[in-house]
Amino acid sequence: MRLQRAAVAGMMLASGVLVSGAGTATAAPIAADSTVAKKCDTKAVNWYTRGGKEVYVGTNLYSEWLEGPGRITYQKTATSESNSSWSGDLGVSIPLVIAEIQNKYSKTVGKSHSVSQTWSYTAEVPAGKIRRLHQLKQSWRVQVVRWRYTTSDCKKTKELSSKTATFPVKNRDYMWILVGRE
């Protein structure tokens, strides 16, 4: 992968294009003659990620409902599954967004994550409340932003659209919460 990136970067530098980040072309060809102005393609659409942060997203594991007061326990051997919320939206593929997150935020994320093991968790349900346990998985959330240059001198840009993407982190960081009907 690094060899491919280095080869692509070498070809781009040879052609005079400077690339910053996995998904962002940020500068135009560099002129050999300093009197020649930079030119940016005002029709090309670029993208980047912003606002990376840790979140916990629900998995497929739930306990039965319990009306409190009482103690609720989830104890089963099961496969916990969590999936990305990104489906190639905005014309940016899942592998590109994953690579950008890994490079920019140093987070090992994936399209999905599953772990099979014996899970055990207990919590107190308050009197008069109906609750169940729900497992959450550590995930990484970013905004994927599409943009373009609005002037050929590369001085102005316009954000075209953005959308939130969430990816499960490839680790065993889970938490359990009580969720209710009321």
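The values are calculated or read from the model by the stated rules, or taken from the named source; none is laboratory data. The structure displayed is predicted, hence computed values, not measured ones. Heads up, the Cβs are rebuilt from the backbone with ideal geometry, glycines too, and the neighbour counts pull from every protein chain shown. Please note that ligands, DNA and RNA were not included when accessible areas were found on the heavy atoms of the full protein model with its side chains. Shrake-Rupley method; radii C 1.70, N 1.55, O 1.52, S 1.80 Å.
Here are a few things to note about the model shown:
- Pick from the range 146-180, criterion under 28 Å from Ser112 (Cα atoms) and basic (Lys, Arg), ranking: farthest from the chain's Cα centre (by Cα): Arg172
The rows are residues; the columns are (1) more than 30 Å from Ile72 (Cα to Cα); (2) touching a strand residue (DSSP E or B) at 6+ places or on another chain (Cβ under 7 Å).
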| position | (1), (2) |
| --- | --- |
| Lys107 | yes, yes |
| Gly110 | yes, yes |
| Ser120 | no, yes |
| Glu124 | no, yes |
| Gly128 | no, no |
| Val142 | yes, yes |
| Val145 | yes, yes |
| Tyr149 | yes, yes |
| Ser162 | yes, yes |
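- Single residue of Asp173, Asp89 found to be in contact with a Lys or Arg (Cβ under 6 Å, 6 or more places away or on another chain) and not aromatic (Phe, Trp, Tyr): Asp89
- Only a single item in (1) in contact with a Ser or Thr (Cβ under 8 Å, 6 or more places away or on another chain); (2) at pLDDT below 90; (3) in a helix (DSSP H, G or I) is not met by Leu3, and it is number (1).
- Filtered residue count, the range 167-182, keeping only those that are in a strand (DSSP E or B) and open to solvent by less than 70 Å² (accessible area, probe 1.4 Å): 9
- Residue within the range 123-132 that is at pLDDT 95 or above, more than 17 Å from Val179 (Cβ to Cβ) and in contact with an Asp or Glu (Cβ under 6 Å, 6 or more places away or on another chain) present: no
- Lone unmet requirement of (1) of a type in the set (Ser, Thr, Tyr); (2) at pLDDT 95 or above; (3) exposed (fewer than 13 other Cβ atoms within 10 Å of the Cβ) for Tyr149: (3)
- Beta carbons closer than 9 Å, at least 6 apart along the sequence or on distinct chains, pair a first residue in the range 45-68 that is farther than 21 Å from Ser82 by Cα with a second that is among the basic types (Lys, Arg) and surrounded by fewer than 14 Cβ atoms within 10 Å (Cβ to Cβ) for Trp65/Arg181.
- Inside the range 114-138, residues that are closer than 14 Å to Gly58 by Cα and either open to solvent by 30 Å² or more (accessible area, probe 1.4 Å) or aromatic (Phe, Trp, Tyr) (or both) make up a count of 2.
- Residues (touching an Asp or Glu at 6+ places or on another chain (Cβ under 9 Å) and surrounded by 13 or more Cβ atoms within 10 Å (Cβ to Cβ)) located in the range 71-91: Ile72, Tyr74
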